[in-house]
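Structure, as structure tokens:
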Amino acid sequence: MALIKSISGIRGTIGGKAGENLTPQDIVECTAAFGQWVKEKTDNPKIVIGRDARISGEIVNSLVINTLRCLGIDVVDLGYSTTPTVEIAVPEENAGAGIILTASHNPKQWNALKLLNHKGEFISGADGAEVLDKIAKGDIEYAQIDNLGSYTKDDSYIQKHIDKIFALDLVNVDAVKAMAPKVVVDCINSTGSISMIPLLEQMGCTVIALNDEMTGRFAHNPEPLPGNLSALAEAVKSNNARIGIAVDPDVDRLAMVSEDGEMFGEEYTLVAIADYVLQHTPGATVSNLSSTRALRDVTEKHGMKYEASAVGEVNVVTKMKEINAVIGGEGNGGIIYPELHYGRDALVGVAMILSYLAKFGKPLSFLRQSYPAYTISKNKIQLSPEIDLDKIFIGLKDKYSNQPINTIDGLKIEFDTDWVHLRKSNTEPIIRIYAESTSEVTANNRADKIKQDIKEILSQERSEA
């Protein structure tokens, strides 16, 4: 069981003791602190709320809404929704902030409060630090009886979201309708059912839906990684589908399966869509340090500039704004298309990849083969309280001092076109170790070598203690 308070919100497992897990007390404390912060930033506080289909969602939703109303904050409740839909709704409602109730790719026992600013973007590190300070101090002033916040339910925003996507110049609904593709979509028992299925149907697709009952009891591990998508791959082949689509429970990540049942690769979702965007809109691209080098290769092939950011959506968005990037995102299948909004959005990703396929005229597997072939080995090391990450990073920097090293987010070591990136997770008590190479064996070996180096550094520390 776990509770993680970070600059992006609060995340944890349901049940257990307050302060150690995501309990009603912790939910109220976080909500109250954020609500107080919002009240101090605006004279007319209003907050938009939306949630995925998690088992705990209704309870968490009620706690959050009523806490905000007791602060004198008006609440617009989107009910079942998606992360990108809530992000779009916040500025549309002229709200002061938003809260998304979802633990994203985490299993069913997890839930979280993701915090948005008035632009519908994740709050900055500085803003998050202020909210954390308010949580710690607990200095909250609730409204008197005549000043309680109002409540409005609005379930129209998913269609509004879809309409905004269809209005984009690079989304060609007519071409997709002419192609009339058969599409298999894994909704992972969450709000992909009420968002992705309507989007596909309105684009003229024949839709075969898997796990489309919104029970929150995920049919498999909800992270859209290859090992969790075997049923989707089989369904694509058995139904002779044009493409398979997988999303996470809050529909901000997109993974694809080619018509032959092979994984397109979540890292290549952004690569393909960036390629499509750059064919029509010259400009820079951004991904985080843990994302594939293929985006840099494709960007430079178009004669454009690529830059990397620290991991985390807010960091990618900050870098995108800094260099006026036309497309960006993260290698976990997160697409950020600023023409629509500055947030990861699987819905716009699907609309654009289908538009690209209609133009490309060949199967998805052919498109995948047109890109540089890299493999990322993704590994984790469980953190315990006594592990000193700073000492580990110092030891690795000394050991690899002859290699190019980037320290803006953890430690990234480059080996020609290969690289290894280590960083502490913002959402789990782990160290992530990602390694990339043109060879799967080499990528795994690089990651294994770093893990062995860490063991040796820890062993040396213990012997010196």
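No lab work stands behind these numbers, since they all come straight from the coordinates. It should be emphasised that the depicted structure is a prediction, and the values quoted were computed from it without experimental measurement. Counting neighbours? That spans all protein chains shown, and the Cβs are built from the backbone with ideal geometry, glycine included.
Table for the structure above
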quantity: When the convex hull of its Cα atoms is projected in every direction, mean area for segment 166-369 (nm²); calculated: 10.0
quantity: Residue (of Pro282, Asn240, Gly265) at the positive-pole extreme of segment 229-316, dipole from beta-carbon charges; calculated: Pro282
quantity: Radius of gyration and maximum dimension Dmax of segment 1-56, Cα, Å; calculated: 12.8, 39
quantity: Local net charge near Ile327, Cβ-Cβ under 10 Å (Lys/Arg +1, Asp/Glu -1); calculated: -2
quantity: For peptides 381-388, 255-262, 370-377, sequence by mean Cβ density within 10 Å, most packed first; calculated: 255-262, 370-377, 381-388
quantity: Net charge, Phe360 excluded, C-beta distance under 13 Å - Lys, Arg +1, Asp, Glu -1; calculated: +2
quantity: Packing rank of 27-38, 192-203, 434-445, where each peptide gets the mean count of other beta carbons within 10 Å, highest leading; calculated: 27-38, 192-203, 434-445
quantity: Coordinate range along principal axes, alpha carbons of segment 278-358, Å, largest first; calculated: 34, 26, 21
quantity: Cα-based convex hull, the chain, per residue volume (Å³, whole number); calculated: 139
quantity: Contact order relative to length of segment 375-464, as percent, for alpha carbon pairs under 8 angstrom and 6 or more apart; calculated: 34
quantity: Alpha-carbon centroid distance for the pair segment 1-40 / segment 152-184, whole angstrom; calculated: 35
quantity: Alpha-carbon spread of segment 3-157, three principal axes, descending order, Å; calculated: 36, 36, 30
quantity: Alpha-carbon centroid distance for the pair segment 408-448 / segment 186-263, whole angstrom; calculated: 28
quantity: Within segment 166-369, percent of DSSP bridges classed antiparallel, to nearest 5; calculated: 35
quantity: Convex hull per residue volume in Å³, alpha carbons only, for segment 375-464; calculated: 90
quantity: Protection proxy ranking, peptides 128-134, 183-189, average beta carbon neighbours within 10 Å, highest first; calculated: 183-189, 128-134
quantity: Of all DSSP beta bridges in the chain, antiparallel share, percent nearest 5; calculated: 60
